[in-house]
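The values are calculated or read from the model by the stated rules, or taken from the named source; none is laboratory data. This one's a predicted model, so the numbers in the text were calculated from it and none came from an experiment. Please note: Cβ atoms are built from the backbone with ideal geometry, for glycine as well, and neighbour counts cover all protein chains shown.
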């Protein structure tokens with residue numbers, strides 16, 4: 001199979017390379033298979049050669065489809081080349097025309113014409129290669145032509161008559177351009193629709209060609225019949241799966257083939273009937289399209305007649321009469337509206353005057369109230385400043401008194417502490433004196449006992465006297481030293497007390513001075529803050545007055561501008577009123593003329609509408625009758641066509657074509673269904689020999705240790721099994 005695929009690919013490459021040469025005859029793998037496929041005679045099951053032939057036909061059909069697409073693209077490229085050549089010719093002729101035009105306009109200016117020719121001579125290659133250079137050349141060309149034309153126009157000033165003619169010609173050209181643009185838009189829309197339709201038709205054509213080739217292929221027909229037979233045979237086999245013998249399977253396949261043949265006959269008859277109905281319906285559609293075209297022509301003629309109705313038809317029409325009456329009513333309403341408009345204008349002017357007076361009154365009241373409130377605010381601000389200054393003075397005095405009192409309290413506390421210290425010192429000194437006295441008494445007592453002991457212990461009286469004299473002298477010296485120390489101590493205490501009191505008084509005076517300076521500082525801060533607040537108030541007031549002055553100046557300027565604009569609008573409105581009066585008079589004359597023309601056409605329209613209604617009724621009755629006849633005829637034709645197809649199908653079936661169909665179905669069934677179990681699809685191939693069976697049979701034989709192919713007795717294993725899709 002792989003060799004067959006390679007061979008088909010080589011043939012397809014040869015065909016694609018030499019598509020212009022005449023088609024060569026392709027080699028066939030087997031003459032018997034070709035004969036069977038060409039004559040559609042089922043001589044047995046499809047072989048490998050038949051499948052290869054089927055694949056080759058599929059590849060050849062795809063190549064034909066590619067060739068058709070290539071032919072379409074070549075035709076399209078030829079058309080585009082022709083269009084490109086025509087555009088190139090028109091482009092070159094347009095350049096030459098511009099050169100000739102400028103030569104005729106400027107015959108004397110040779111340099112200018114040479115410059116223009118040099119600017120105009122650029123080819124289509126410049127357009128394709130360098131778009132920027134092309135744009136620059138176009139801009140230079142445009143500026144040069146405009147400059148030459150403007151110079152020529154300045155040198156030849158136009159007259160009034162020529163200006164009028166030019167304006168008329170420009171108006172005509174603009175109208176023609178507008179009509180051309182509308183036509184262009186309509187053509188563009190129709191072109192887009194037609195291109196879409198062409199693309200759809202192209203796709204339908206290619207798909208129809210493919211389907212036709214596939215339908216005409218004999219191998220495809222055989223495969224489709226095999227598929228139908230295979231489906232029917234699988235259903236029959238599933239219903240009768242209990243039987244294991246080969247004979248019962250063949251009998252069930254024959255019964256399934258008979259049933260499938262009957263179903264095929266039914267499907268063929270239904271398909272023939274549907275084809276007959278489709279052909280008849282296509283014929284009816286063509287007839288309907290012809291009728292629609294004739295009716296469209298009639299509608300267009302009637303529309304043209306309605307656009308250019310004669311006077312008699314207009315006089316007979318009731319619509320025009322109603323329009324005249326409506327026009328009269330509208331004129332009356334216009335007159336009433338004008339009267340009411342004038343009344344409203346007068347009332348509006350009165351209201352405007354009253355509004356201005358009221359606004360001036362309110363503004364004056366507002367100004368007076370504003371000035372009075374500003375005066376009250378200034379007075380209150382002055383009172384607040386005065387109260388704040390008095391408050392600051394009182395606060396400074398209170399702070400000074402509080403500071404003095406606190407300093408006085410501190411001085412008294414320090415004095416009390418010094419007094420307590422002095423009393424404690426006095427007490428200590430008194431205790432010390434008492435202690436010294438006690439010591440002196442003790443020493444005296446001790447000396448007396450010691451002296452008595454010493455005296456008693458002395459051997460002689462002379463020693464005793466000496467001891468007593470020594471002791472007396474010592475005591476005298478001690479008393480003298482103590483008496484000498486007491487006045488020094490008293491004097492030192494007095495000096496220390498005087499220094500402490502003077503120092504305490506100095507500290508009290510310094511603290512009082514500091515408190516006084518702090519109070520003065522607080523007062524100065526308060527005065528500074530009050531001065532800054534007054535300054536801020538003055539600056540704010542100044543800024544507010546400046547803004548008010550600027551606003552008033554802006555208002556004055558705006559009022560002046562409004563006054564100028566009002567004067568301009570009044571003058572323009574007066575001019576417009578004069579023009580409107582003139583237009584109103586001309587419009588009244590036109591209305592009277594149109595009334596006369598409408599009265600003439602009213603009768604024509606009435607008569608034409610009546611005639612149109614009569615024609616519509618006649619057309620309606622005739623169309624209903626024609627529809628009934630057409631429907632009846634169509635139904636009869638469809639029935640006749642169905643009967644013809646049924647007769648042909650019966651004739652073909654009775655001619656003996658059933659046996660051939662059964663044989664063909666049996667051959668296709670033997671190709672697709674496993675030959676061992678005759679109930680499953682062939683879906684597993686053996687790599688060693690290439691034979692195909694169902695997966696269950698192939699695996700069951702391996703499980704039963706039958707490792708040889710039933711067709712050729714070649715050995716195989718699980719690794720040699722390959723799943724395939726037929």
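If a residue must be at positive phi and out of contact with any helix residue (DSSP H, G or I) (no Cβ under 6 Å at 6 or more places or on another chain), how many such residues does segment 668-726 contain? Explain how you work it out, then say what you get.
The first filter runs over segment 668-726 and keeps only residues at positive phi, leaving 678, 690, 705, 713.
This time we only want the ones that are out of contact with any helix residue (DSSP H, G or I) (no Cβ under 6 Å at 6 or more places or on another chain), so: 690, 705, 713.
Total satisfying the criteria: 3.
Looking only at segment 691-710, which residues are assigned to a loop (DSSP other than H, G, I, E, B) and either touching a residue at least 24 places away in the same chain (Cβ under 8 Å) or assigned by TED's automatic domain parsing to the domain that holds residue 49 (or both)? Can you show your working first?
Restricting attention to segment 691-710, the residues satisfying the condition of being assigned to a loop (DSSP other than H, G, I, E, B) are 691, 694, 704-707, 709-710.
Within segment 691-710, just 710 meets the criteria.
Could you check residue 525 against (1) free of Cβ contacts under 8 Å to residues at least 60 places away in the same chain; (2) under 60 Å from the mean Cα position of the chain (by Cα) and say which number it fails?
Against the list (1) free of Cβ contacts under 8 Å to residues at least 60 places away in the same chain; (2) under 60 Å from the mean Cα position of the chain (by Cα), residue 525 comes up short only on (2).
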